[in-house]
Amino acid sequence: MWLPIFGLIIGIILGISFAFPLPAIYAEYLSIAVLAGLDSILGGWRAGLEGKFKSEILLSGFFINAAIAALLAYLGDLLGLDLYLAAVIVFGLRIFNNISSIRRGLIERYLHRKKQQAIAETSVKDQQE
Amino acid sequence: MQKITSNTLVMTIIAVAVGILVVFAIYSNKASVGQQTDSSSDYLIKQIKDLEDEADSLEKQIIATRSQIEELQTEQKNSQTIISKDEEKLSNLNLMAGFTDLNGPGIIITLDDNIEGAELAKKTNPSTYQPENFIVHDKDLLYIVKALSNISEAVAINDIRLVNNSHIRCVGTVIMVNSTRVAPPYEIKIIGNADELETALYECSRYKYLVQYDMPIKVEKPEDITIPAYSGAYSSKYLQLVPQDKNN
């Protein structure tokens, strides 16, 4: 499970070595796409923890969410409304939800393992005794 | 395990993509913030330049308007001088045309009918008495006035101004000057050089003729004679100006 985090770090390093400033008008859309990507990754992680992970859903979610968020921002630009804020709020909420779910899942798994270890140890002790 | 690794691979790929995206987003955002400040300062600079240009053009306009005003003022001055010249001309013309009261030195010739001579002739020699030999005729006035006309500046008979279209006629028993009847004694007022007028009068054949007939003639040379304005009008019914440019 540490591979994706390494991947993120590698991506950041790649970005730093290759990044060039895009035109200002795309910055907003890019930020939203970043949020969508983060949400997708965290969602994937959460799904993995919950045992519901499907790569198709992750990939489609990543691209389509990013695209729709960017589209929404563009529409907002056209209408003169800050519609991208809606995407920001939704993705923000989802990111928080995902993170809390991941935290819960990780903690539960940890506790479960500890419990199992304790049971195993006691059973081992029992067997020894 | 196989499935988990492939899933992890997908996750990793997406993570790499997200990482790149994050960096790009941060870069672009920084750049855009910089650009925004740049563009806003550019915008302000442009605005300032525009306003300065506008101020410049307005100043130029002010200068142009001022010079225009000056031009108009000089033009006005010119036209005023033209107007004053024209007025001067007009007043001169009025003076010449006899539209104004005038005064000045000159001569007053007073002619009267020879009443005494007529009565005497009637008594002494009634058969040869001819009354027209003892009265003043229109021709007497006309000839005297015409004889002096080249040196007289203004002429009036019994305070009727003579101008260039005036006439002196005999209408039955009275004399008409400018279609106004005048009666003896006839007082011919002439403004001009009094001495020259006097000599001219004495050299005039009509004067000599009148003296010969013992007509009472009185000559005065006052310092100040007043001659009234011509009260009639000039006819210009058939007159037409010759166009100036054709004339040139």
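The values are calculated or read from the model by the stated rules, or taken from the named source; none is laboratory data. Values in this document were obtained by computation on a predicted structure and should not be read as measured data. Glycine gets a Cβ as well: all are built from the backbone with ideal geometry, and neighbour counts include every protein chain shown. Calculation scope for accessible area: heavy atoms of the full protein, side chains included, ligands and nucleic acids excluded. Shrake-Rupley method; radii C 1.70, N 1.55, O 1.52, S 1.80 Å.
About its Cα centre, chain B has a charge dipole of approximately 1080 debye under the convention of +1 per Lys or Arg Cβ and -1 per Asp or Glu Cβ, with nothing else charged.
Panel values: region B:102-227, Kirkwood radius from alpha carbon pairs, Stokes-Einstein at 20 °C and 1.002 mPa s, translational diffusion coefficient 143 µm²/s.
Ligands, DNA and RNA excluded, the heavy atoms of B:Ile83 present near 90 Å² of accessible surface to a 1.4 Å solvent probe. Note on chain A: dipole from Cβ charges, positive end direction compared against A:Leu81, A:Ala66, A:Thr122; the farthest Cα belongs to A:Thr122. For the protein assembly as shown, the mean projected area of the C-alpha convex hull, equal to one quarter of the hull surface, is 44.9 nm². Taking every DSSP helix (H) stretch of at least 4 residues in chain A, weighting each as -39,500 (n - 2.57) and dividing the sum by the residue count yields a mean residue ellipticity at 222 nm of -31500 deg cm²/dmol. For region A:1-81, the square roots a ≥ b ≥ c of the C-alpha gyration tensor eigenvalues yield an a/c of 1.5 or more together with a/b not exceeding b/c, which makes the shape oblate.
Chain A against chain B buries an accessible area of about 2500 Å², both chains summed, 1.4 Å probe radius. Diffusion coefficient (Stokes-Einstein, Kirkwood radius over C-alpha pairs, 37 °C, 0.692 mPa s) for chain B: 120 µm²/s, rounded to a whole number. Sorted from greatest to least, the principal axis extents spanned by the alpha carbons of region B:161-222 come out as 32, 27, 19 Å. Checked against a 22 Å cut-off, the cross-linked pairs B:Lys139/B:Lys189; B:Lys146/B:Lys221; B:Lys146/B:Lys189; B:Lys146/B:Lys218; B:Lys89/B:Lys221 give Cα-Cα distances beyond that limit for B:Lys89/B:Lys221. Taking the Cα centre of the protein assembly as shown as reference, the dipole from Cβ charges on Lys and Arg (+1) and Asp and Glu (-1) amounts to some 3300 debye.
Can you figure out the FRET efficiency of B:His137 with B:Thr226, using R₀ = 25 Å and their beta-carbon distance, to the nearest 0.05?
On the way: r = 27 Å, r/R0 = 1.08.
Approximately 0.40, to the nearest 0.05.
For chain B, the mean residue ellipticity at 222 nm estimated from helices alone is -19500 deg cm²/dmol, where every DSSP H run of n ≥ 4 contributes -39500 (n - 2.57) and the total is divided by all residues, rounded to the nearest 500.
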